[in-house]
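A short worksheet on the structure shown next.
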Amino acid sequence: MRCPFCNHPKDRVVDSRESRNGDFIRRRRECLNCSRRFTTYERIEEIPYMVVKKDGRREQFDRKKVLTGLLKACEKRPIGVTILEKIVDEVESLLHTKPDKEITTTEIGSFLMERLKELDKVAYVRFASVYREFQDVSEFMDELKALLAAKRKEEKES
């Protein structure tokens with residue numbers, strides 16, 4: 001930090017205070033050259049995470065939107081909100097590991113469908129029908145047949 005009065009690069013912090021809501025820290029500094037005091041504000045830089053939509057548009061990642069989609073898929077199913085929030089946490093963690101701070105809706109949707117498939121087959125089919133935009137009953141039936149085939153395979157293996 002350079003002194004705004006003499007442009008000297010060295011100073012010392014005289015006092016630090018956090019804002020009421022914790023968004024930033026106010027620091028009183030004293031220049032080691034001219035001894036004048038000045039105030040700086042420090043806040044965490046928040047880089048927005050972006051979601052790339054199917055049509056190429058980008059919008060900011062919205063945790064609430066993902067949770068709402070899961071809640072709709074799991075409506076009247078025996079799945080607690082805490083479990084769904086944990087899944088959303090996993091999506092956020094996935095996003096945090098991405099170097100470019102972007103994720104596609106395809107990646108999010110595939111991840112959510114895998115988690116729902118493990119958790120509850122009915123919720124999975126509900127979510128898949130919206131996410132994959134089933135156009136008719138035959139697409140819906142194909143998905144159900146795939147689920148039944150996987151279930152039969154699991155039963156034979158055990």
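When the charge dipole of the chain is built from unit charges on Cβ atoms (+1 for Lys and Arg, -1 for Asp and Glu) and taken about the Cα centre, the candidate among S158, M141, I108 whose Cα reaches farthest toward its positive end is I108. 3J(HN,Hα) along the stretch 78-92: x, 10, x, 4, 4, 5, 5, 5, 5, 5, 5, 4, 5, 5, 4 Hz, from the Karplus curve 6.51 cos²θ - 1.76 cosθ + 1.60 with θ = phi - 60°, whole Hz, x for Gly and Pro. When the Gaussian network model of the chain links Cα atoms closer than 10 Å, the mean-square fluctuations of V130, V14, V91 top out at V14. To the nearest ten degrees, helix 105-119 and the longest principal axis of the Cα atoms of the chain are 60 degrees apart.
Scan the stretch 69-135 for GluC sites (Glu not before Pro) in coil per DSSP, keeping those whose Cβ has at most 15 other Cβ atoms within 10 Å, and list them by number.
Numbers: sites: E75, E85, E90, E92, E102, E107, E114, E118, E133; in loops: E75, E133.
Listed in order of number, the matching sites are E75, E133.
Considering only D142, D11, D55, the mean-square fluctuation computed in a Gaussian network model of the chain, springs between alpha carbons under 10 angstrom, is largest for D11. Could you please state, rounded to a whole Å, how far the C-alpha centre of the stretch 60-76 is from the C-alpha centre of the stretch 107-158? Comparing the Cα centres of the stretch 60-76 and the stretch 107-158, I get a distance of 18 Å.
Helix 137-157 and the longest principal axis of the Cα set of the chain meet at an angle near 90°.
Pairs K64/K145; K53/K117; K86/K121; K72/K98; K117/K145; K53/K86: which are spaced more than 20 Å apart, C-alpha to C-alpha? Where the Cα-Cα span goes over 20 Å, the pairs concerned are K64/K145; K53/K117; K72/K98; K53/K86. When the trypsin sites (Lys or Arg not before Pro) in the stretch 1-79 are filtered for DSSP coil states and for at most 16 other beta-carbon atoms within 10 Å of their beta-carbon, the remaining sites are R2, K10, R20, R36, K53, K54, R57, K76.
Report the net charge of residues surrounding R28, where surrounding means a beta-carbon distance below 13 angstrom and charges are Lys +1, Arg +1, Asp -1, Glu -1. Mind showing how you got there, number by number?
Working: positive: R12, R17, R26, R27, R29, R36, R37; negative: D11, D15, E30, E42.
In short, +3.
Taking the C-alpha atoms only, the angle from helix 121-131 to the longest principal axis of the chain is near 70 degrees. Amide H contacts for D11 (H built 1.01 Å from N in the peptide plane; partners 5 or more residues away or on another chain; cut-off under 5 Å): L32. Using a Gaussian network model of the chain in which every pair of alpha carbons under 10 angstrom is joined by a spring, one finds that among L148, L67, L119 the greatest mean-square fluctuation is at L148.
All of the numbers you see were taken from the coordinates with simple rules; none came from a lab. Keep in mind the model is a prediction, meaning the values are calculated, not measured. Quick reminder, even Gly has a Cβ in these numbers, built from the backbone with ideal geometry, and neighbours come from all protein chains shown.
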